[in-house]
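The values are calculated or read from the model by the stated rules, or taken from the named source; none is laboratory data. Since we're looking at a predicted model, the values are computed, not measured. Cβ: placed from backbone, ideal geometry, glycine included. Neighbour counts: every protein chain shown. Note: accessible area is taken over every heavy atom of the protein model, side chains too, but ligands, DNA and RNA are not part of it. Shrake-Rupley method; radii C 1.70, N 1.55, O 1.52, S 1.80 Å.
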Amino acid sequence: MSMLSRRDWGARPPKDAYTTLTHTKGVKIHYTGDHVDPALAREHARCVATVKAIQDHHMDGNGWIDIGYSLVVCPHRTIFQGRGAGHLPAANGAGLNSDHYAVLGLVGTSGLTQPPDDMLLGILDAVDYLREHGGAGNEVKGHRDGYSTDCPGEALYNWLKAGAPRPKTDESH
């Protein structure tokens, strides 16, 4: 598993202390909800810039204390530490954040809409990490399961409904 710490990706410090979580029902999967440049899949530096832009939007646009996601996964099977394990996310919706961690896959409504196999593997890595280090339960659902939204998009949601299978290209299992 490849994880970038907040320091590694240049995260801003949170504006306030996080609320602690010791366990959840599981993990909710998200997508960006807008255009994701397909070049992201070829150039990892764009992933870093995208995660920074999402953090800026959440902090400066939404007024949140930090990026809303627990972890973010890019097309290169790299996991970016957001709020991390043991901390309340902000992305699931008011009143829903304490039930599930939030993992973002960097796909959107246009451009890069189909998650590459390495992203799917990274999402599975992120779920395993949150189970091991954050007390996440067995549920792995889409953001739309419990909140009125199209998130995590059709491709990720169909994968989740199929049981989030490991891609056949994964030679590690």
Yes or no: region 16-25 includes at least one residue that is among the small types (Gly, Ala, Ser) and closer than 25 Å to THR113 by Cα. no
Tally time: how many residues in region 124-162 are open to solvent by 60 Å² or more (accessible area, probe 1.4 Å) and either in contact with a Pro (Cβ under 9 Å, 6 or more places away or on another chain) or more than 19 Å from TYR101 (Cβ to Cβ) (or both)? 6
Please verify whether LYS52 is among the basic types (Lys, Arg), open to solvent by 40 Å² or more (accessible area, probe 1.4 Å) and under 20 Å from ALA94 (Cα atoms), treating the condition exactly as stated. no
Just wondering, is there one or more residues in region 5-24 that are small (Gly, Ala, Ser) and open to solvent by 60 Å² or more (accessible area, probe 1.4 Å)? yes
Complete set of residues in region 97-110 that are touching a strand residue (DSSP E or B) at 6+ places or on another chain (Cβ under 8 Å) and either among the basic types (Lys, Arg) or over 19 Å from ALA155 (Cα atoms) (or both): SER98, ASP99, HIS100, TYR101
Can you find a residue in region 75-95 that is touching a strand residue (DSSP E or B) at 6+ places or on another chain (Cβ under 8 Å), in contact (Cβ under 8 Å) with a residue 60 or more places away in the chain, open to solvent by 10 Å² or more (accessible area, probe 1.4 Å) and more than 22 Å from LEU124 (Cβ to Cβ)? yes
Hey, VAL103 among the β-branched types (Val, Ile, Thr), closer than 20 Å to ALA41 by Cβ, open to solvent by less than 60 Å² (accessible area, probe 1.4 Å) and not in a loop (DSSP other than H, G, I, E, B) or not: yes
Out of (1) surrounded by 22 or more Cβ atoms within 10 Å (Cβ to Cβ); (2) more than 15 Å from the chain's Cα centre (by Cα), the odd one out for THR109 is which? (1)
Since LYS168 meets every condition but one in (1) modelled with pLDDT under 95; (2) crowded, with 19+ Cβ neighbours inside 10 Å; (3) of a type in the set (D, E, K, R), which condition does it not meet? (2)
Within the group ILE29, ILE67, which residue is open to solvent by less than 10 Å² (accessible area, probe 1.4 Å), in a loop (DSSP other than H, G, I, E, B) and out of contact with any Asp or Glu (no Cβ under 7 Å at 6 or more places or on another chain)? ILE67
Within region 34-48, is there a residue that is part of a helix (DSSP H, G or I), in contact with a Lys or Arg (Cβ under 7 Å, 6 or more places away or on another chain) and surrounded by fewer than 16 Cβ atoms within 10 Å (Cβ to Cβ)? yes
